[in-house]
Amino acid sequence: MTDTITTTSRLWDLANPTRFLRLVAAVQPWLIGLTTILFAVGLYMTFFVAPADYQQGETVRIMYIHVPSAWLAMFCYVAMAISSIGSLVWRHPLADVSVKAAAPIGATFTFLALATGSLWGKPMWGTWWVWDARLTSFLILFIMYLGLIALQRTIEDPTRGARAVAILTLVGAINIPIIKFSVDWWNTLHQPASVLKIGGPSIHPSLLWPLLVMALAFTALFVTLHLAAMRNEIVRRRIRTLRMMAASGEDR
Amino acid sequence: MFLGIEHGGFIVMAFALFALSISALIAWVVIDHRSLDRIEADLQARGLRRRSTASAGGDGP
C-alpha cells in the first residue's frame, strides 16, 4: 500500500514541468547515444547482414524502414490517446503537452510508411496505390494527424485547445484496431501480419532480427524526439505566460 | 536496374526519403529549441520573470 502511494507520488512529482525538464536534460544525451548506436547497428544489418528475399530480391530492404515507420505511426497515436485520457480525466499538466508534441512526429512516421509502402508496392504489386482497407485506413490515420495539428494551431489558448484535441484524438483512436485487423477482416492486396500475430512470426529469423533492431532504433528515435518536443512545448507556454504578463504590465 | 540492382531506384528513393524526413524532424526540434531559448532569455533580460520563479529567487517551477 505504502509502495503504491510512493510510486503514485513520484509520478505526480514528474507532473511538475521544472522537474520534468530536469529529467529530460539528464536522459537526453543517453537517449541520443542509444538511438545513434541502434540505427548504426540496424542499418548495418539491413544492408550487410540481411539476405535478399527469394521472391522480392533486394527490394525487401525497403521493409526495414517501411514496417517500423508503420508500427511507430500507430504506437505514437496510441500514446496520444493515453495522454488524452490523462488530460481529460486527471487534467495531468503534461498530458496535453505530450499530445501536442507527439502529433507532428506521428504524422512524419505515417507519411514515411505511406511513401515507402508506395515505393515498395510499385515494383512488387505493379501499382503505387490501391484503395484497399489497410492502405485506406492508414491514409485516414495521416489525415487524422494533420487534422489534430490544424486543430492545435487553431485554438490559441493551449488549455482550451487541449480539451478539443483530446476528444478528437480519442474519437480517432477507433481507427487503430481497424488498421491492425483490416488485413484479416477484408480481402486486401496488402499482405497479412507476419511478425505480430498469434502463433509467432512467420518471417525467417535472418530477416526478422534486422527488422527488430530497426524497430528498436525507431522507438528510441521517437522517445528522444518526443521528449525534446515536449520540452519545447513547455518553454513555449512559459514564453506565452511571460508575454501575457508583459502585456498586462503585471510584473513591471 | 539501378546501381546494378533490380529495382535499385525504388530502394534508393525509399531510403533517401527516410533520411530526408527524419532529418527534417530533427531539424524542426533543434531549430525550435534554439529559437525558444533565445526568446525566453530575451524576455528574462528585460526583467520579466514568472511569479513562481521570482518568489523562489531562482529557476523555480
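The values are calculated or read from the model by the stated rules, or taken from the named source; none is laboratory data. Bear in mind that the values here come from a model prediction, so they are computed numbers and not experimental data. Every residue, glycine among them, receives a Cβ derived from its backbone with ideal geometry; neighbour counts consider all protein chains shown. Keep in mind that these areas ignore ligands, DNA and RNA; they rest on the heavy atoms of the full protein, side chains included. Shrake-Rupley method; radii C 1.70, N 1.55, O 1.52, S 1.80 Å.
A few notes on this one:
- Residue tally, condition aromatic (Phe, Trp, Tyr) and crowded, with 16+ Cβ neighbours inside 10 Å, over the stretch A:47-64: 1
One line per residue, one yes/no per condition, for (1) at pLDDT below 95; (2) of a type in the set (D, E, K, R); (3) out of contact with any helix residue (DSSP H, G or I) (no Cβ under 8 Å at 6 or more places or on another chain):
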| site | (1), (2), (3) |
| --- | --- |
| A:Ile37 | no, no, yes |
| A:Ala50 | yes, no, no |
| A:Asp53 | yes, yes, no |
| A:His66 | no, no, no |
| A:Ser83 | no, no, no |
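- Within the stretch A:48-57, not a single residue is assigned to a helix (DSSP H, G or I), touching a residue at least 60 places away in the same chain (Cβ under 8 Å), touching a Leu at 6+ places or on another chain (Cβ under 9 Å) and under 26 Å from A:Lys180 (Cα atoms).
- Subset tally (residues that are open to solvent by 30 Å² or more (accessible area, probe 1.4 Å), of a type in the set (A, V, I, L, M, F, W, C) and not in a helix (DSSP H, G or I)) for the stretch A:65-96: 1
- Selection count where residues are open to solvent by less than 60 Å² (accessible area, probe 1.4 Å), at the interface with chain A (Cβ under 7 Å from one of its Cβ atoms) and closer than 23 Å to A:Gly106 by Cβ, scope the stretch B:28-48: 3
- Out of A:Trp125, A:Trp90, sole residue that is in contact (Cβ under 8 Å) with a residue 40 or more places away in the chain and out of contact with any helix residue (DSSP H, G or I) (no Cβ under 7 Å at 6 or more places or on another chain): A:Trp125
- Matching residues, the stretch A:208-221, being farther than 22 Å from A:Trp30 by Cα and surrounded by 21 or more Cβ atoms within 10 Å (Cβ to Cβ): A:Pro210, A:Leu211
- Taken over the stretch A:108-126, residues that are in contact with a Leu (Cβ under 8 Å, 6 or more places away or on another chain) and either aliphatic (A, V, I, L, M) or open to solvent by 30 Å² or more (accessible area, probe 1.4 Å) (or both) amount to 5.
- Residue check for A:Leu227: assigned to a helix (DSSP H, G or I) and not polar (S, T, N, Q): yes
- For B:Leu25, the stated conditions hold: it is open to solvent by less than 60 Å² (accessible area, probe 1.4 Å) and either more than 7 Å from chain A (Cβ to nearest Cβ) or at pLDDT 95 or above (or both).
- Among (1) over 15 Å from the mean Cα position of the chain (by Cα); (2) crowded, with 17+ Cβ neighbours inside 10 Å; (3) away from chain B (no Cβ under 14 Å); (4) among the β-branched types (Val, Ile, Thr) - the single one A:Val99 does not satisfy: (1)
- Boolean, A:Phe142 is open to solvent by 30 Å² or more (accessible area, probe 1.4 Å), within 16 Å of the chain's Cα centre (by Cα) and under 30 Å from A:Gly57 (Cβ atoms): yes
- Test: residue in the stretch A:43-62 that is small (Gly, Ala, Ser) and closer than 19 Å to A:Leu225 by Cβ: no
- Within the stretch A:158-204, the set of residues being of a type in the set (S, T, N, Q), in a loop (DSSP other than H, G, I, E, B) and surrounded by 14 or more Cβ atoms within 10 Å (Cβ to Cβ) comprises A:Thr188, A:Ser194.
- Residue match in the stretch A:222-236 (condition: open to solvent by 30 Å² or more (accessible area, probe 1.4 Å) and of a type in the set (Val, Ile, Thr)): yes
- Any hit, the stretch A:110-125, residues being in a helix (DSSP H, G or I), of a type outside the set (A, V, I, L, M) and closer than 24 Å to A:Val235 by Cα: no
- The stretch A:237-252 - residue that is assigned to a loop (DSSP other than H, G, I, E, B) and open to solvent by 40 Å² or more (accessible area, probe 1.4 Å) and, of those, nearest to the other protein chains (Cβ to nearest Cβ): A:Asp251
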